[in-house]
Amino acid sequence: MDVSALLGQLGVDISRLHGGPLSVFTPIDGSALAALTPHGPKDIEAAVEEAERTFRQLRAMPAPKRGELIRLFGNELRAHKAVLAELVCVEAGKIRQEALGEVQEMIDICDFAVGLSRQLYGLAIASERPLHRMQEQWHPLGPVAVISAFNFPVAVWAWNFALAVVCGDPVLWKPSEKTPLSALACQALWLRASARAAVVSAFPPAISQVLIGGRELSEQLARHPKIPLVSATGSCAMGRALAPLIAARFGRALLELGGNNAMIVAPSADLRLAVRATLFAAVGTAGQRCTSLRRLIVHESLYDRVIEQLRSAYAALSIGSSLSPETLVGPLIDAGSFERMQAALQVAREQGGRVVYGGERVLEAQSPDAYYVQPALVAMPSQTAIVQQETFAPILYVLPYRELDAAIELNNAVEQGLSSSIFTNDVREAELFVSAMGSDCGIANVNIGPSGAEIGGAFGGEKATGGGRESGSDAWKSYMRRATNTVNYSSELPLAQGVRFAD
């Protein structure tokens, strides 16, 4: 599959696509897209030094001016939305509607960040000392490393990038080695935007840099003493590897890790909506979202009915190439994902599960080097060990419950705490679920699924999900440092807490 035309439209230098040791494949048919040259340790050092120089310029630029840079970038994304989305389809295997939605998320966070650039508010604080003023200010933090995953190859970086820039921080982006072409395309669009900005104002040269490579590169960024914040999105295992490296140098870590997300279907639920929400959340992106629905906890009075309705819905799914407009479920990213899915299904059977539908590989004859699967629906007698383990594939475990308290306990009884939801028309059940006694996740929804968050709210989760927050609300504070200032405008020197020293 030739992506040269797409990359050319996006402004990528296609001479960089060949001759390197890092092969990039499309999950659509398994064919090679590019062979890139990864960055080495010396490249990383040079990039960090350049980011440091850029930071000294960027932090002096007024925040609304930094917002103007992001506005121009958002305009480039609008102009190239369809082309960038098609590249995401080809490289990550997302269906076209999801890829378009991902690029729209980038546009939305740019709009959010432009407004934010005039709202980086601190606090005025009452002082106990006469003729003193206390205030809280937020200052730019420094170079930020963003390590992103294959399943959202552009949007998650944009969440970080747009906020970091308006906060005054340059960004070093290490994309997944499975989807580096999308990163190069975003960088090209950013450079187009920056060229427009340079016409009207001085423009710091290296606000964005892309670094291509694998685990070793991520670890070098995590260890680097001149990178005050590392924002990493990926598996819990990745977080466990990187977090100690960052902590050892007292750096900040913004971790967005795994999710073993659940939905509760209560007796009063609107089943039509619940089944539709289940289908999108469980099979969207071929089950390769951090917010994918993996555990469906259904009241025992509805259990058989829900399973039957889901079986019918699964049987009607259109599985195929991401580029086909009829497709609802595209391919898994690679053979490793397929193998992990099969291993999980085998363990589920051994632990008493019954595969109600799906799980097998499909379209193998026409795409022998790609991994298309029928999403699996698995009835489980209880929340066994395999159910408590996140498998990054379209497996939906269905569990029965009798009392809501027990369902909430099941929701919370996994190590991750990203997203969750309940379908109910009982206001007491809904309010309990979103209360302190309910879901322990960073996202708790009522009558919508756990997947498909908007950029206005802070995105992230608790426990092994890492505790980080990206995107909306006050997530911008992660990219800044706080300073508390006290100004004495009196002719005396009173001390706090009434402390007195001899004159």
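The values are calculated or read from the model by the stated rules, or taken from the named source; none is laboratory data. As the structure is a computational prediction, the values presented were derived from the model and not from experiment. Counting neighbours? That spans all protein chains shown, and the Cβs are built from the backbone with ideal geometry, glycine included. Protein only, heavy atoms only, side chains kept; ligands, DNA and RNA dropped before computing areas. Shrake-Rupley method; radii C 1.70, N 1.55, O 1.52, S 1.80 Å.
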In whole Hz, the Karplus estimates of ³J(HN,Hα) for the stretch 456-470 (6.51, -1.76, 1.60; θ = phi - 60°; x where Gly or Pro) are x, x, 5, 9, x, x, 9, 6, 6, 6, x, x, x, 9, 10
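Kirkwood hydrodynamic radius of the chain from all distinct Cα pairs, in Å? Intermediate results must be reported in sequence, preceding the final value.
Values: mean 1/r = 0.0415 Å⁻¹.
The Cα-based Kirkwood calculation yields 24.1 Å.
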Checked against the positive end of the charge dipole of the chain (+1 on Cβ of Lys and Arg, -1 on Cβ of Asp and Glu, about the Cα centre), the farthest of Leu254, Val427, Asn151 is Leu254
Check: C-alpha center the stretch 421-485 vs C-alpha center the stretch 187-240, spacing in Å is 26 Å
Across the alpha-carbon set of the stretch 108-216, Rg over Rh with Rh taken as the Kirkwood radius works out to 1.11
Taking a label point 7 Å from the Cα of Asp405 along Cα-to-Cβ, the residues of the stretch 411-438 whose backbone nitrogen sits under 14 Å from it are 437-438
If every Lys and Arg gets +1 and every Asp and Glu gets -1 at its Cβ, then about the Cα centre the chain yields a dipole, in debye to the nearest 20, of 1100 debye
Result row for the chain, helices from DSSP H with C-alpha axial extent 15 Å or more and mean Kyte hydropathy at least 0.5, is 81-92, 155-167, 180-200, 236-248, 271-283
Mean accessible area per residue over the chain (1.4 angstrom probe, all protein chains present, square angstrom) is 41 Å²
Once the in-chain neighbours fewer than 8 apart are removed, the aspartates and glutamates whose Cα is under 12 Å from Lys174 read Glu216, Glu219
In units of 2.2 N^0.38 Å, the Cα radius of gyration of the stretch 336-413 is 1.23
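Could you check what % of the DSSP bridge pairs in the stretch 390-503 are antiparallel, to the nearest 5? Display every interim value, and only then the final one.
Working: 4 of 8 bridges.
Counting DSSP beta bridges with both partners in the stretch 390-503, the antiparallel share is about 50 percent.
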Rounded to the nearest 0.05, FRET efficiency between Arg428 and Glu339 (Cβ-Cβ, R0 51 Å) equals 0.70
The Cα extents of the stretch 373-419 along the principal axes, largest first and rounded to whole Å, are 35, 21, 18
Debye calc, one equal point scatterer per Cα of the stretch 190-261, no solvent, log10 I(q)/I(0) at q = 0.14, 0.18, 0.27 1/Å comes to -0.58, -0.77, -1.18
In whole angstrom, the spacing between the Cα centers of the stretch 91-121 and the stretch 63-83 equals 10 Å
The rounded separation in angstrom of the Cα centers of the stretch 314-348 and the stretch 369-394 is 11 Å
Excluding ligands, DNA and RNA, the carbon-plus-sulfur percentage of the accessible area of the stretch 122-265 with a 1.4 Å probe reads 60 percent
Applied in sequence order to the stretch 11-26, the curve 6.51 cos²θ - 1.76 cosθ + 1.60 (Karplus, θ = phi - 60°) yields integer Hz couplings, x standing for Gly and Pro, of x, 7, 6, 6, 5, 7, 8, 9, x, x, x, 9, 7, 10, 10, 8
Eigenvalues of the alpha-carbon gyration tensor of the stretch 1-88, times 5 and square-rooted, give semi-axes in Å, largest first, of 30, 22, 9
Packing-ranked peptide list from 48-57, 90-99, 408-417, highest mean Cβ count within 10 angstrom first, is 90-99, 408-417, 48-57
Amide H neighbours of Ile422 at under 5 Å, excluding residues fewer than 5 places away on the same chain, with H built from the backbone geometry, are Ile264, Asn445, Val446, Asn447, Ile448
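DSSP beta bridges in the chain, what fraction antiparallel, as a percent rounded to 5? List each step's numbers first, then the result.
On the way: 24 of 63 bridges.
Bridges in the chain that DSSP calls antiparallel: roughly 40 percent.
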In debye to the nearest 20, the charge dipole size for the stretch 111-254, taken about the Cα centre with +1 at each Lys and Arg Cβ and -1 at each Asp and Glu Cβ, equals 120 debye
Counting only DSSP loop positions in the stretch 56-134, the chymotrypsin sites (Phe, Trp or Tyr not before Pro) whose Cβ has at most 15 other Cβ atoms within 10 Å are Tyr121
Share of accessible surface on carbon and sulfur in the stretch 1-72, whole %, 1.4 Å probe and ligands ignored, is 53 percent
So, with points 7 Å from each Cα along the Cβ direction, the Tyr121-Ser4 label distance in nm works out to 5.4 nm
Set Lys42/Lys463; Lys178/Lys463; Lys226/Lys477, cut-off 31 Å on Cα-Cα distance; pairs above it are Lys42/Lys463
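Okay, helix-only estimate at 222 nm for the chain: each DSSP H run of n ≥ 4 adds -39500 (n - 2.57), divide by all residues, round to 500 deg cm²/dmol; what do you get?
Details: 14 runs with 190 residues, N = 503.
-12000 deg cm²/dmol, from helical runs alone.
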Protection proxy (average C-beta count within 10 Å per residue), highest first, orders 287-297, 23-33 as 287-297, 23-33
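Could you tell me what a quarter of the Cα convex hull surface of the stretch 362-503 works out to, in nm² with one decimal place?
Details: hull surface 69.1 nm².
Averaged projected area of the stretch 362-503's Cα convex hull equals 17.3 nm².
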The answer for the per residue Cα convex hull volume of the stretch 80-172, in Å³, is 117 Å³
